[in-house]
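Written below as structure tokens is the structure these notes are about.
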Amino acid sequence: MQYRISVVVPVYNEEGNIANLHREIKDVCEKNNYIYEIIFINDGSSDRTDEVCRTLSPLKYIKMRKNFGQTAAMDAGIKAAQYDYIVTMDGDGQNDPADIPQMLEYLEKEGVDVVSGWRKNRKDTFMKRFVSRGANFLRYLLVHDGIHDSGCSLKVYKRECFKGVNLYGEQHRFIPAILKIKGFTIGEVVVNHRARTSGYTKYNWKRTIKGFVDMISVWFWNKFSTRPLHLLGGMGMFFEILGFICAVWSVVLFLSGAKMSNNIFPPLLTIFFVIIGLIMIIFGLMSEILIKTYYGVHVYAPYSVKSIEEFGNKKDE
């Protein structure tokens with residue numbers, strides 16, 4: 001079988017890595033007789049990344065107007081991809097293009113829609129591995145995507161996985177979970193992970209916090225994307241029940257002859273819980289309306305592509 005693949009690589013200040021990475025991807029594709037395209041997305045780099053990219057061939061080169069983040073760059077690259085299989089990977093050279101053939105074969109053999117790389121033996125700093133393991137534990141509790149290493153960018157997707165999918169924030173880490181929600185099947189393959197040889201990591205505490213917030217978003221979308229009233233309305237009813245209990249407490253105190261001036265706490269709790277419950281129910285109804293609107297309109301991308309150029313890209317024969 002001759003695979004037709006689009007290799008999507010977001011890059012940001014990776015002038016020392018991209019030429020060698022491009023060569024490795026090209027060698028793997030030509031050795032395995034793939035029909036292929038290599039897509040580099042320059043996410044507002046401030047170093048010589050733009051200059052280096054323009055010397056590479058074959059290459060579909062997407063230049064963002066500014067630094068929108070890895071997820072936005074990956075989304076732009078995926079939308080520009082034209083072949084049957086989309087391979088995503090990092091631009092720092094730590095993902096090994098030599099793993100692509102085994103991932104494609106696994107996808108076909110097992111009949112899954114997505115194959116995710118598992119960096120079982122990571123070549124990162126202790127702190128980065130520690131944070132990653134903590135994030136993986138939280139991801140296991142919240143999103144249940146069934147894989148060990150959602151943060152690994154080396155993944156293979158069938159093209160149809162991304163029909164109607166728009167990526168935001170730091171959601172590139174949770175693409176398998178998002179696709180699983182839509183009914184796609186996920187597989188996993190152990191891949192080689194290499195030490196960084198040039199440049200510096202772009203991960204920091206801000207991206208960790210953003211990733212956690214996006215994880216909560218994916219959890220909510222998984223559980224309540226079509227019926228938010230089930231969550232907010234349920235919470236509202238819980239507060240209404242608490243308000244009813246406090247109201248009964250207030251009535252019992254009144255009938256027992258207790259001075260209400262000395263027992264104002266139960267009536268105040270009654271008012272508080274009833275109002276909070278009503279607000280939650282109203283929010284739930286409003287969310288239902290917004291969800292219906294969301295599914296009925298086009299969602300525009302929160303980023304802007306400056307240009308798309310091609311340098312000697314290999315064409316389908």
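Miscellaneous remarks
- Inter-residue pairs, beta-carbon under 9 Å, first under 12 Å from Ile241 (Cβ atoms) and in the stretch 268-281, second of a type in the set (S, T, N, Q), 6+ apart: Thr270/Ser250
- Matching residues, the stretch 232-270, being modelled with pLDDT under 80 and either crowded, with 16+ Cβ neighbours inside 10 Å or assigned to a helix (DSSP H, G or I) (or both): Met260, Ser261, Asn262
- The numbered conditions (1) modelled with pLDDT under 95; (2) within 23 Å of Met103 (Cβ to Cβ) are all true for Glu15 except (2).
- Some residue of the stretch 219-226 being modelled with pLDDT under 70, surrounded by fewer than 17 Cβ atoms within 10 Å (Cβ to Cβ) and β-branched (Val, Ile, Thr): yes
- Test result for Ser6, surrounded by fewer than 24 Cβ atoms within 10 Å (Cβ to Cβ) and assigned to a strand (DSSP E or B): yes
- Take the conditions (1) crowded, with 17+ Cβ neighbours inside 10 Å; (2) in a helix (DSSP H, G or I); (3) at pLDDT 90 or above; Tyr83 misses just one of them, which is (2).
- The stretch 51-94, residues that are in contact with a strand residue (DSSP E or B) (Cβ under 7 Å, 6 or more places away or on another chain) and closer than 23 Å to Lys120 by Cα: Gln70, Ile86, Val87, Thr88, Met89, Gly91, Gln94
- Number of the exception - Asn67 against (1) touching a residue at least 60 places away in the same chain (Cβ under 8 Å); (2) part of a loop (DSSP other than H, G, I, E, B); (3) over 23 Å from Asn33 (Cα atoms): (1)
- Members of the stretch 154-168 that are assigned to a loop (DSSP other than H, G, I, E, B) and surrounded by 19 or more Cβ atoms within 10 Å (Cβ to Cβ): Leu154, Leu167
The values are calculated or read from the model by the stated rules, or taken from the named source; none is laboratory data. What you see is a predicted model, and the numbers here were worked out from it, not measured in a lab. Methodologically, a virtual Cβ is constructed for each residue, glycine included, from the backbone with ideal geometry; neighbour enumeration extends over all protein chains shown.
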